[in-house]
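Data first, discussion second: the structure below is written as structure tokens.
The values are calculated or read from the model by the stated rules, or taken from the named source; none is laboratory data. None of these values were measured; they are calculated from a predicted model. Neighbour counts run over all protein chains shown; Cβ positions are idealised from the backbone, glycine included.
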Amino acid sequence: MGHMSFDIAHLLAGGLVLVSFMMIYQDRLHALLNTFTLHALVLTAAVAWQAWTQGADHLYITAAIALIFKAIIIPGALYRIIRRLGIHREVEQVVGTGLTMLAGMGLVALSIVVMLDVTTKATAFAREDLAFALSVVLLGLLMMVTRRNAVSQVVGFMSLENGLILAAAGAKGMPLVVEITVAFSILIAFIVIGVFLFRIRERFDTVDLGALDRFRGEMR
Amino acid sequence: MSPVVLVLIVPAAASALLALLPGYRLGARLNVVASLLTFLAAAALLVLPRPAPNDYLLVDDLNIVFIVLNCFVGLTAAMFSAGYIGHEIETGHLSPPYVRFYHAMYQLMMFGMNLALVTNNIGLMWVAIELATLTTVLMVGIYRTHEALEAAWKYFILGSVGIALALFGTILVYVAAQPVLGDGTPSMVWTNLMKGAPHFDPALLNLAFIFLMLGYGTKVGLAPLHAWLPDAHAEGPTPISAVLSGLLLNVALYAVLRFKMLMAAQPAAIAPGPLMVGMGLLSLIFAAFMLYRRRDIKRFFAYSSIEHMGIITFAFGMGGPLANFAGLLHMVMHSLTKSAIFYSVGQIVQIKGTQKIDRIRGLSQSHPALGWGLALAILAIAGMPPFGVFLSEFLVVSSTFARAPALALLLVFGLLVAFGALLLHLNSLIFGEPDSPPTPVRISPSAFRLHMAIVLMAGIYLPGPLVDWFQNVARLLG
């Protein structure tokens with residue numbers, strides 16, 4: 001891989017981490033969805049670049065799915081949902097923004113240390129791609145645990161999944177990437193439909209005890 | 001056509017057919033027939049010579065145990081489900097269109113689980129486990145009550161995170177394999193991976209295994225990643241609780257075991273055992289204490305499943321021929337006993353109209369057959385002789401005592417705590433004054449009796465060929 005193509009791939013993967021950070025401090029759902037659209041666009045560019053440099057045509061399909069499904073259809077559907085549910089104004093955060101950002105930085109540092117340490121035998125590109133991808137995954141997880149709103153949890157899950165697609169696209173010649181992308185898209189479509197149909201606003205943040213006591217055994 | 005293809009095609013075709021056919025009676029019958037055909041195909045795999053593994057399908061000594069068990073419990077659960085669903089329609093809890101959807105999803109779930117078990121490809125395995133998860137999520141939420149939707153949502157989100165972590169682990173395995181086995185599909189095929197494993201980068205494999213253990217461990221229901229499991233069991237239809245406990249947890253465990261074998265093939269990588277032993281013990285002891293304060297009968301048995309999955313993971317984590325044998329036997333015994341318990345509980349809940357343990361009393365007086373049957377099943381799952389669970393638990397404990405007495409003490413402690421909780425609830429469920437007049441039981445107890453008979457048989461006498469077969473698998477697991 002040439003110097004230039006390496007740099008561009010690096011830039012796009014790093015850009016994805018940066019956009020993940022931007023999502024952490026968006027405190028309005030509308031802005032969060034805009035940032036997620038940007039996330040999907042950066043992923044599209046990163047995957048398309050991989051398809052070109054690796055000469056792997058099937059990755060163009062993955063890029064197309066990322067563009068059409070994640071950058072257009074899903075944000076569009078979520079805009080409608082949050083307006084219908086009347087929750088487009090705010091995102092409730094369990095932890096403050098500053099603390100979350102610090103935790104995010106810690107996670108990125110962790111993933112870079114871990115990944116660069118264990119992948120000493122892999123190529124320079126694979127190493128850094130995996131480190132960036134793990135950062136995006138961990139930031140997505142962080143977002144899922146620090147938000148209470150179901151829609152922003154879904155957005156957190158989708159950004160996590162973008163990190164996985166980045167890792168899969170960067171692993172040279174990995175088969176089934178398209179199939180996995182499709183499987184994930186179906187999963188996300190189900191989640192979004194679920195949020196819409198059942199008007200799920202808040203995440204259910206109890207772990208079996210506490211508030212759940214009142215439901216126990218009272219079904220039907 | 002090879003039976004291994006039939007094991008996949010029959011459920012897939014039945015799912016499409018069931019989605020099109022109206023009429024729940026016809027659907028329920030077709031569901032049983034399709035499950036029976038799948039089971040026969042799985043049984044044929046035992047007898048006929050096995051097809052050579054290709055890039056996508058693999059049948060070996062290990063997965064055939066899981067396939068036969070899966071198809072057998074799938075069949076009995078379909079038989080139980082036919083009666084259960086009929087009652088739910090009569091009482092208006094479910095409407096015919098939902099039941100049609102339920103039957104189609106049931107067969108799709110069987111397809112997903114069988115595909116995960118027979119596939120030779122780690123990527124396809126991941127897709128199949130995701131498919132099985134999605135279909136069960138839809139079935140858990142089928143009652144559309146607030147609690148059912150909440151349980152389905154929680155299951156969905158935690159399951160998705162687990163599955164995402166497992167995918168990252170799968171990608172890492174590919175990255176480790178790619179320099180050795182080359183680009184593309186060959187680097188995702190089990191049989192190739194096992195051959196090439198000694199040359200893989202150990203550090204990368206270590207990291208991959210941690211992700212895979214956390215990811216698939218969520219689906220096995222290991223503490224601290226178990227939060228979805230009790231809700232999903234309590235709020236879904238009871239046949240699905242039986243299938244979740246008896247089968248889906250096993251399928252996820254199968255994935256963990258396969259990756260454990262891969263780790264064992266590279267001596268420079270970390271030993272996967274201690275991680276599995278730790279998570280197994282934690283699940284066992286945590287679930288044993290949680291059993292005491294449960295007030296919902298299905299939730300109670302869901303925690304018991306976490307406990308037993310902990311024991312099984314512990315046994316496989318210890319490794320060695322004896323502990324692996326015990327783990328495998330315990331897995332089979334737990335699947336059969338726990339699904340039998342759910343068949344019995346499903347009828348009790350329908351008769352009494354409640355899942356609250358407080359309000360289910362005096363079963364031995366109001367419904368003697370059902371009550372005593374459940375009492376025997378609870379004694380069996382608590383590990384009392386002469387049932388098969390006693391035998392497998394005894395083997396787990398004795399093999400551990402020989403190698404790590406301190407761990408064995410913790411194990412026995414967990415088992416005793418759980419035993420106490422089971423006896424306590426057994427007492428309140430079976431004895432005491434019944435608070436409702438006896439109502440007739442509608443569902444045929446054949447599925448329940450069949451399972452209990454096998455569990456009892458296994459406790460008294462294990463046939464020689466079965467022992468040889470399991471010992472062979474135990475050696476394979478390392």
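If you go through segment B:145-162 and keep only what is small (Gly, Ala, Ser) and in contact (Cβ under 8 Å) with a residue 60 or more places away in the chain, you end up with B:148, B:151, B:152, B:159, B:162. Looking for something surrounded by 24 or more Cβ atoms within 10 Å (Cβ to Cβ) and in contact with a strand residue (DSSP E or B) (Cβ under 9 Å, 6 or more places away or on another chain) - is there at least one such residue anywhere in segment B:136-155? No: zero hits. Of all residue pairs spaced 6 or more apart or on separate chains, those with beta-carbon atoms under 7 Å, a first member in segment B:416-433 that is of a type outside the set (A, V, I, L, M, F, W, C) and a second member that is part of a helix (DSSP H, G or I) are B:425/B:300; B:425/B:357; B:428/B:357.
I'd like to know if segment B:141-155 contains one or more residues that are of a type in the set (Lys, Arg), in a helix (DSSP H, G or I) and out of contact with any Ser or Thr (no Cβ under 7 Å at 6 or more places or on another chain). Walk me through it before giving the result.
As a first pass, look at segment B:141-155 and keep what is of a type in the set (Lys, Arg): B:144, B:154.
Pick out the ones that are also in a helix (DSSP H, G or I) and you get B:154.
Remaining after also requiring out of contact with any Ser or Thr (no Cβ under 7 Å at 6 or more places or on another chain): B:154.
The answer is yes; a qualifying residue exists.
Restricting segment B:420-446 to residues that are assigned to a loop (DSSP other than H, G, I, E, B) and aliphatic (A, V, I, L, M) leaves a set whose member that is farthest from the chain's Cα centre (by Cα) is B:441. I'm trying to understand the selection: among the residues of segment B:265-289, which are within 14 Å of chain A (Cβ to nearest Cβ), within 20 Å of the chain's Cα centre (by Cα) and surrounded by fewer than 24 Cβ atoms within 10 Å (Cβ to Cβ)? The one that is within 14 Å of chain A (Cβ to nearest Cβ), within 20 Å of the chain's Cα centre (by Cα) and surrounded by fewer than 24 Cβ atoms within 10 Å (Cβ to Cβ): B:286. Scanning segment A:115-148 for residues being in contact with an Asp or Glu (Cβ under 9 Å, 6 or more places away or on another chain), farther than 24 Å from residue A:8 by Cβ and either surrounded by 20 or more Cβ atoms within 10 Å (Cβ to Cβ) or modelled with pLDDT of 90 or more (or both) gives a total of 2.
Report yes if some residue within segment B:62-76 is free of Cβ contacts under 8 Å to residues at least 60 places away in the same chain and more than 29 Å from residue B:253 (Cβ to Cβ); otherwise report no.
Within segment B:62-76, the first condition is being free of Cβ contacts under 8 Å to residues at least 60 places away in the same chain, and the residues that meet it are B:64, B:68, B:72, B:75.
Right, trim to more than 29 Å from residue B:253 (Cβ to Cβ) and you get none.
Within segment B:62-76, none of the residues are free of Cβ contacts under 8 Å to residues at least 60 places away in the same chain and more than 29 Å from residue B:253 (Cβ to Cβ).
Only one entry of B:10, B:32, B:47 meets the criterion of being in contact with a Leu (Cβ under 8 Å, 6 or more places away or on another chain) and more than 25 Å from residue B:90 (Cβ to Cβ), and that entry is B:10.
Taken together, the residues in segment B:180-195 that are facing chain A (nearest Cβ under 7 Å) and surrounded by fewer than 20 Cβ atoms within 10 Å (Cβ to Cβ) amount to 3.
Applying the selection to segment B:132-175, what residues are aromatic (Phe, Trp, Tyr) and more than 10 Å from chain A (Cβ to nearest Cβ)? The one that is aromatic (Phe, Trp, Tyr) and more than 10 Å from chain A (Cβ to nearest Cβ): B:155. Examine segment B:117-129 for a residue that is closer than 30 Å to residue A:131 by Cβ, facing chain A (nearest Cβ under 8 Å), touching a strand residue (DSSP E or B) at 6+ places or on another chain (Cβ under 9 Å) and in contact (Cβ under 8 Å) with a residue 40 or more places away in the chain, and state whether such a residue exists. Yes, the conditions are met somewhere in segment B:117-129.
Among all residues of segment B:429-447, there is none that is surrounded by 13 or more Cβ atoms within 10 Å (Cβ to Cβ), in contact with an Asp or Glu (Cβ under 8 Å, 6 or more places away or on another chain) and within 25 Å of residue B:286 (Cα to Cα).
Mind checking which helices (runs of 4 or more DSSP H) fall wholly inside segment B:295-370 and carry at least 3 residues that are surrounded by 22 or more Cβ atoms within 10 Å (Cβ to Cβ)? Break it down stepwise before answering.
Details: elements: B:297-318, B:320-352, B:363-366.
By residue number, B:297-318, B:320-352.
How many residues are surrounded by 22 or more Cβ atoms within 10 Å (Cβ to Cβ) and within 22 Å of residue A:154 (Cα to Cα) if we restrict to segment A:48-72?
Start the filter on segment A:48-72 by keeping residues that are surrounded by 22 or more Cβ atoms within 10 Å (Cβ to Cβ), which leaves A:50, A:59, A:62-63, A:66, A:70.
Going one step further and asking which of them are within 22 Å of residue A:154 (Cα to Cα), we end up with A:62-63, A:66, A:70.
Total satisfying the criteria: 4.
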